[in-house]
Amino acid sequence: MTQFNWKKLIPHFVALVVFVLVAVVYCQPTLDGKVVSGGDLTQWKAEVQQMQVYKDTHGHFPLWSNSMFGGMPGFLIASDGTNPIPMNYFLPVSSLFLPTPMSFFFLMCVSFYFLALVLRVNPWVGIMGALAYAYASFSAILVIAGHETEIWAMGYVPFLLGALILIFEGKYWWGTALTALSTYLLVSINHIQIVYYLGIMVAFMGIAYLIQWIKAKQYKQLALAIVLAGVGGGLGIMANAGMLLTNYDYSKATLRNGALSLDTASGKMVKSKGLDVDYAFTWSYGLSETFTLVTPNIYGGSSILLPQDGKLADALGAATQLPEQAKQQLFYDFPAYWGAQERGTSGPVYLGAVMCFLLIFSLFYLRSKHKWWLVSVTALAVVMAWGKSFGAFNDFLFYHLPLYDKFRSPTMSLVIPQLTFPILVVLGLQQLFYGAEDRAFAFQQFKKAALCSGILMVILMGLYFTFTYRTGTDLQWEQRLTQAAKGDPSLGRSIVGGAAADRQDLFGADLLRTFVFIVLAAGVLFLYVKGKVKAGIALGALGILSFVDLITVDTRYLSFDKFKDPDENAAVFNPTPADQEIGRDTSYYRMINFTVDTYEDAIPSYFHNNVGGYHAAKLALFQDLLVHQLGKQPTNMAVFDMLNTKYFIVANPQTNQPQVEINRGALGPCWLVQTIQYVDGPAAAMKALDNFNPRDTAVVEEEFKSSIPFTPKHDSAGYVRLIHNDNDVIRYESSSTGDEFAVFSEIYYDRGWKAYIDDKEAPIVKTDYLLRGLALPAGRHQIRFEFRPKAYYSGRELSAIASILIILLLAGAVVTGYRSSEGKIQKV
């Protein structure tokens, strides 16, 4: 038997060492116990706190949470896992058990490296592409923002693409097994929007292969590849059935499945079918903002403060007519970012000046069957990122592309070019450095790339000199300052002009930076195609240039000073005196905090059962109530009363500090009503809340009338009271001499909650638009609500079956792979 050539493993070992070392050095404070606490991660810790307390007592997370929006499914926040087979062990293994955020960068690197090897790219070229994919600016920005599931999902996208290519290239056992595993890993992260974008990429790649197979009349390979890709992907999806079925079931009751909106033509409220297009396109890239891919600060970078020593600071310092406090506030009102994303941004998507130049070269030079599907899907992704900035096209997609109206933030589609750029580049460099040598052809394409890069620089310079560097808000401030100066425009002009000049300086500095990196990369490439340097030296120089280019921008967002001691990050969860005062109440109540962004901040949920909160997928019923009742003025106290809102935290008018106001009208967890007002549909129910007394009257839609078999005969001495609320199980008792109708201050959710009166199931009545009601016969009764979503439990069974099949597939791939390799090296 011949000896195995261990030298072949050296490049792969070096690759792993490089990926680990770079991640460790970049995230070195993690080794000292420091953490990055992004905004979304902080919010999640607040959301999950009540559930964690429950788990400490019961040993598992509840499926329902009481801490936000009056109550919502807890499996959207945290879960012990919906798969009884411990497939989740593959997750830490794939990231080498590294702590976050090191694990994110390592995973992205090793996943791309796998894809590069599948594409038959030399390992040294693959290392360069892997670093370019992992360390594009969006990765660092996601870490800072706390969008961990998004960057984690991005880590598995190249892995799955590579596994599918194995199938398409005839490596059926390993391709199918790895497709199943990578699909499981990607979907298990539960970031469906990333999965959606991957689906778009797979569709383009599949069409490209389909055309090739049909042209070559390879119908057997076509059919086999489609079947095996379906089997592998289907098993990976099925292994996540517990999660997917519950999420799908929940989606039918969320804002993404529609909300009430006012139809101005009819004057009636109607139900939409998905997200509103304006809401979905909130974060849309501007057309010229696309140039951040090559020049990051073209629009100021992120929504942070302008330089403390800049022209805005000088203008404010010279404004002697303004008090110091007003100057400080004005400085915060002029952020660095001035682009199309109305709600600001944590930073631009920057793919690297070096990578952009090499991409231009590869577009001219590369000859590959992968070229045009990669180019096509990249172009589509960029156009999709424009959102409302190119509404003529994207509105059509929103209304016609399946499931697209379920997502928001069009800018997220730029995760596609973050991957396709380095794929095209490594394929181009593979052909240049390790393909058939044709220096003359390479030089011709280099000249075209240099010309296009020069044109790109001219365009960027044109934008630099023609941009206004002003936003609509800036112009409003200019008008206000002019009015404050009694018609003198000089004050407003100087301050707004100072902000604009600072933004132009940010663009100018990065424009020069882009020029330098492109010239250096072009110089290296020129020396190689003219035969002045060897391939290894040229590749090493380009790799170093590309990585330095990217990492120096990354550190603008994720730098050592963003890593904090855990205790420092935990300070946000220190209770205020108002929280402590409310916390002394041991009864079952809800509160609302008006000193924060009430319905976009979960911190109060860390301490209390909150009417507000923060989550990307609210129940549609609550969103409707928020829009049409909770958010209107004057305040509709009846709605807060029926939600058992016992406490309000408001700002003290003298000190501006949070103080507690007690709501004496809060109705408690349950009550008996005197009458029922039947209305025709949800719009009428919402309208009825404008003027009603929830203590005496219950508003019920006609479709639920059959669930109330009698006309209530209210007994003033009767009662219904809470015994214990244990999240997934709530117990009450009631007593009355007549038939009664009880209202429970719990959110109506018909996809899992069941009610039992004396252990006999009873229909839950949707009451007061979003609460629960029960028809109670005369007498004494024990009442129980249980939350057991069918989708959750049936999904677990499917997950277990699929997981076992995946493990068997992997075992089969190992066995067949071993036998195949043994046959190759065995001497006859």
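Listing for the model above:
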item	result
Computed FRET value (nearest 0.05) for TYR793 with ALA616, which takes r as the C-beta separation and R₀ as 25 Å	0.50
Between 0 and 90°, nearest 10: helix 415-434 axis offset from the chain longest Cα axis	10 degrees
Alpha-carbon radius of gyration plus Dmax, which is the widest Cα pair, for the chain in Å	30.2, 100
Within the accessible area of the range 433-534 (1.4 Å probe), percent carbon and sulfur	64 percent
Links that overshoot a 23 Å alpha carbon limit, given the list LYS7/LYS532; LYS215/LYS369; LYS171/LYS220; LYS55/LYS562; LYS369/LYS448	LYS7/LYS532; LYS55/LYS562
Residues GLU661 and HIS60, FRET efficiency given R0 of 41 Å [Cβ-Cβ distance, rounded to 0.05]	0.65
Relative intensity, log₁₀ I(q)/I(0), of the range 366-488 from a Debye sum that treats every alpha carbon as a point, q = 0.21 Å⁻¹	-1.21
Qualifying trypsin sites (Lys or Arg not before Pro) in the range 308-350, DSSP loop, other Cβ atoms within 10 Å at most 12	ARG343
Under 5 Å, built H, 5+ apart or other chain: amide partners of VAL533	TYR528
Karplus-derived 3J(HN,Hα), 6.51/-1.76/1.60, for each residue of the range 205-214, Hz, glycine and proline x	5, x, 5, 4, 5, 4, 4, 5, 5, 5
ARG584-THR466 pseudo-label distance in nm [points 7 Å out on the Cα-to-Cβ vector]	6.7 nm
Values of log10 I(q)/I(0), in the order q = 0.14, 0.18, 0.23, 0.25 Å⁻¹, for the range 557-634 under a Debye, Cα-only, solvent-free model	-0.62, -0.88, -1.12, -1.21
Net charge dipole size for the chain [Lys, Arg +1 and Asp, Glu -1 on Cβ; Debye, nearest 20]	3420 debye
By average C-beta atoms within 10 angstrom, highest first, the peptides 692-701, 578-587	692-701, 578-587
Per residue accessible area of the chain, 1.4 Å probe, in Å²	43 Å²
Karplus 3J(HN,Hα) series, Hz, for the range 522-536 with 6.51 cos²θ - 1.76 cosθ + 1.60 (x for Gly, Pro)	5, x, 4, 5, 4, 4, 6, 5, 8, x, 7, 9, 7, 4, x
Inter-part distance where the range 726-766 and the range 443-517 are each reduced to a Cα centre, Å	61 Å
Residue-averaged 222 nm ellipticity for the chain, from DSSP H runs of 4+ at -39500 (n - 2.57), nearest 500	-16500 deg cm²/dmol
Under 12 Å from LYS646, Cα to Cα: aspartates and glutamates that are on another chain or at least 8 residues apart	ASP585, GLU661
Chain lengthening between LEU475 and LEU224 when straightened (0.36 nm per residue, less Cα-Cα)	84.2 nm
Percent accessible area from carbon and sulfur atoms, the range 672-719, protein chains only, probe 1.4 Å	45 percent
Net lengthening on full extension, THR482/SER707 (0.36 nm per residue, minus Cα-Cα)	74.6 nm
Whole-angstrom gap from the range 536-555 to the range 567-635, using each part's C-alpha centre	46 Å
Hypothetical label at VAL53: residues of the range 550-577 whose amide nitrogen lies under 13 Å (7 Å Cα-Cβ projection)	575
For peptides 237-244, 300-307, sequence by mean Cβ density within 10 Å, most packed first	237-244, 300-307
Alpha-carbon Rg/Rh ratio, for the range 595-677, with Rh computed the Kirkwood way	0.98
Mean Cβ neighbour count within 10 Å, used as a protection proxy, ranking 248-254, 333-339 highest first	333-339, 248-254
Listed residues VAL660, ALA683, PHE704: farthest to the positive end of the dipole of the range 628-774 (Cβ charges)	VAL660
Charge dipole of the chain about the Cα centre (unit charges at C-beta), most positive-ward option of MET243, TYR469, VAL14	VAL14
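The values are calculated or read from the model by the stated rules, or taken from the named source; none is laboratory data. Because the structure is a prediction, the values reported are computed rather than measured. Methodologically, a virtual Cβ is constructed for each residue, glycine included, from the backbone with ideal geometry; neighbour enumeration extends over all protein chains shown. All accessible areas refer to the heavy atoms of the entire protein, side chains included, with ligands and DNA or RNA removed. Shrake-Rupley method; radii C 1.70, N 1.55, O 1.52, S 1.80 Å.
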